[in-house]
Every structure is written in structure tokens, then in C-alpha cells.
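All remarks here apply to the structure that follows.
Throughout, read-outs are computed from the coordinates displayed, never taken from laboratory work. Note that the structure is a prediction, hence the values are computed from the model and not measured. Cβ placement follows ideal geometry from the backbone for every residue including glycine, while neighbour counts extend to all protein chains displayed.
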Amino acid sequence: MEGDPAGLALPEDALAEILRRLPPRSLAASRCVCKAWRDIVDGRRLLLPELLPHSVRGIFLMYNDLDYPAFLSHPSLDPEILGKLDFYRNPNPQQWIWTTASVLSHCNGLLLYKDTRGLYVANPATQRRALLPPPPPPPSGMFWRGSEHIVFDPTESPHYKVLLVPNDPGDEELSMELRQQAGHESTSSMEWPASTWVLCVFSSCTGQWEERPFVREGEAAGMASDKALRRCGVLFQSCSDYWRGVFYVQCNGGLTVMRISLSNNKYRVIKMPTDIGERDYGDAYLGRSKEGLCCASFHDWYKLRVWILDDSCGKKEWVLKHHIDICHSVSCVKMFCEENEGPWKLQDANIGEDSGQQNLQDANNDEDDSSNALVKSEVEWDSDSDNIVGGDIVQRFSGYITVLGFHPYKDIIFLDLSLDRAVAYRLNTSVVQDLGKICPYGYGGHAALIKSSLVYTPCLMAEFPENKVEAHIGG
């Protein structure tokens, strides 16, 4: 076989049968040996069914002015997932201590979350987690503003990386390197973003943080003096995704996407679709569907547009894939939901410590080790037929709609209807499925909104990347 490193020249079927017998971690390592082996593993999906089931197990929701996240899921899939994350809570009810937790990022089954104790990486499916060492502080006199993101693909490596991404890659107050490069030049003559972008990166392989410089490919987006390119003060969810070995992340209030290659330490600026209005950039959602990397945005209230990034043959262009007026569909949902609770339930970590502690106690009493803690349930959400909404419109929907995320393996987008219901909308058929209520008990007011949301898909790899601070969740 061409590219066979051992020179065995085994028939492809024979080699595939040998590779099929390897445990998942060894199979992931074998996939990296050469292109021929990788093509066999990927082409026959030897690894993915074991590690990455093509299913959505729920949606993490972070709310404005609430201290803890919530998790929306079908009760049969993983009813104790919030308890398994073991968020830190006040150990002494007699003494007031402010505690908080937030799920920051998700990638192929691993979660990055932060609570009062620090920054954690966790795999809820196997109940393993790791407390990361504190990242290095910013240079004296500077204040870091940005977001934390995890990068992980078990088909490439059992190890993960965590990146600290500034909101504005060219903000002089955040980048000492940028000021050094400028020298005597004024900012008006400087390109934006800089030719070299330094990011703080943690690797589970080394267990350490390091500063990694990334060299810009392609042209700059403009000049540093162009305020239209600098929207770091805009509040937005910094969405990210890892696809085909490349990390994509939103910056500048959603105005640009940074395409970061961790294999060759290069990055490229990709502007968002030009026909997204300036006021809509902060609401544009970056994610991944079965079509690849995609971007979704609403305009004129209920007209949904979805673009797919054409990243082939050196192209970096957004192609409009869907342009749909969904008012009729969501109006049907509003009428349907008045008499239906929905199949998915909201697990709210903000509802009292007694409830949360009960979940933790259940996880702590689990005598199985991590290899036995895999999610073995074959029950999955039926995205083809579960709770389909239809019928005649009695009253037109008049609320607002935001994007919660994409189904990474189907043409489905998850939507929030006025902080009341979550629905799954099939882009190719316009079929709508009601999921359930998403407003926590007693939550409301003018400031009530979902700050960020993450669609969770499990990873069933029992082994967790080696780390000196690795621990069993709850242990």
C-alpha cells in the first residue's frame, strides 16, 4: 500500500480489520501515522462511532445576572450532567461567599468552564476533569479582555489545547508586541491586525501555558486607525469552532473571524458576510453544521440567513445557503406550546444549593471508575420526528429570536423564542420541533437574556489526557 510506513503492503481490507481491533486511544494514535492509515480510519469511520456519536445531548445556557448556567436536554439522555460538573458552592452557609460558574467553550465533547476555584476542562460523559494552572498575568499596566476557548479532536490526538483570545487582536493596550513593532510609527500607519499575533496557549501534553506567535497570512483587514474595524467594546458571544484541523473564532464584536492553524502557527483574517448589517454583527452566530463552518444572522426580525464558508482551494468566501422567513413557523410554535411542556427539561444550577448538592452526592457515590462511567444509553433525541409543530396560525408571533447553535451533523439550527421556548428548525424542510422551556424559574425583567449558549455533543473516550491535576469529578 502506498504510504504504508512499515512497508507491509497489506491489502486495505486486512489493514482496516487490524485497525478496527485497536482500543480507541491506540486507534487515534495510529490514525496519525500516515495519510494512508488516516484515510482508512476516516473513510470507514473506525474511530468516530466510538468516540464521537453523531448526537446532540443538550444545550448549555448562560444567563445575564445569574451566577450559574443551566442545561437543556431530554431527561433520558443525561439527567445529572450539571451535578457531574461539580461547580463550587459556598461550603459555609453561615458565611456569605459569592460563588459563580460559567461554561466558556465546548469542542468535541470536552467543556471548558470556570468557577471560583479556577479554570477547568471536563468530560461530562466520563466524569473526568482537570484544573488548569493559572495563565500568566498580562504585562504590567495592562488589562486583558477576551475569551477562553478549548480545541480538541480525539481523531487527531488525545490531548487538548486552551487558547486565550483577545476581543481585539490589534488592541494596543493588550499587545505589547504591537507597540514594539510600531516603534516610532503612528498607529494611523499600522496595519490591522498586526503581522504577528501572540496568543497564550495551554497544552495538556506539556501541562504548561506558553506564548505562541502566529504569523498572518493574506492581507490585513485595514489600518489600525479605522474605527469601523475596532469594535472591542461591543458585547457579543465569541463563538468558535474547530474544523478540519483549523480553529475559527469571532473577534471584534463579531465583526471578523480569525482562522488559526495550530499546526503551522499561522492565522488569517476572514470578514463576516458583507450583507450583515453593522448593528447585527454582535448577533451573528458562528458554528458548524454538516455543511461545514457556517454563520447565521437575522434581519428584519424574522428573516434567517445562513452562510457556509467556502474554504476550498485557497478560497475564503461566505456563500449564502439559506434565506428564510420563519415567522409562520415560529407562530405555529407559540400556539402549540401553550398546552405542551416540551420533551426537553431545563436543569438549572441556580436553584438552591440543596438541589445542586444532591446531584453532587449522587455523582460522588458512583463506585464505577472512569472507564465504566461512559454514557451507555442508546436513547437519543429523535430529531426527525420528535414533537413536530404544525397547524394554522391564530396569532402572529411578535417576539424576538436568537440563535442558540447548530446541530454539527445535521441541517438543524437551534433557536430561542423570546426567552420562552427553544426549538429545532430544519433548514431544508422548514420543519419546527419544540424542545421545551428555557426560562429559569423566577427569572425575568428588562435585563433577562441568554448571554451565550453551547450545543453539547459527547465524547466517549474513557482516557483523559494526562495532567498532574487530573481528577475524577466529585473526587
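Under a plain spin-label model, where a point goes 7 Å from the Cα along Cα-to-Cβ, how far apart in nm are residue 208 and residue 76?
Label at residue 208, label at residue 76, 5.0 nm between them.
Provide the FRET efficiency to the nearest 0.05 for the residue 310-residue 398 pair, computing r from the beta carbons and using R0 = 51 Å.
Result of the calculation: an efficiency of 0.90.
Nearest 0.05, what FRET efficiency do residue 409 and residue 223 give at R0 = 45 Å with Cβ-Cβ as r?
Working from the Cβ atoms, E equals 0.65.
Hey, can you grab everything whose amide H is under 5 Å from the amide H of residue 321? Only 5+ residues off in sequence or another chain; H modelled, so Pro and N-termini drop out.
Distant-sequence amide H within range of residue 321: 306, 307, 308.
Along Cα→Cβ, 7 Å out, is where each label goes; now give me the distance between the ones at residue 290 and residue 196 in nm to one decimal.
Going by the 7 Å Cα→Cβ label model, 4.5 nm.
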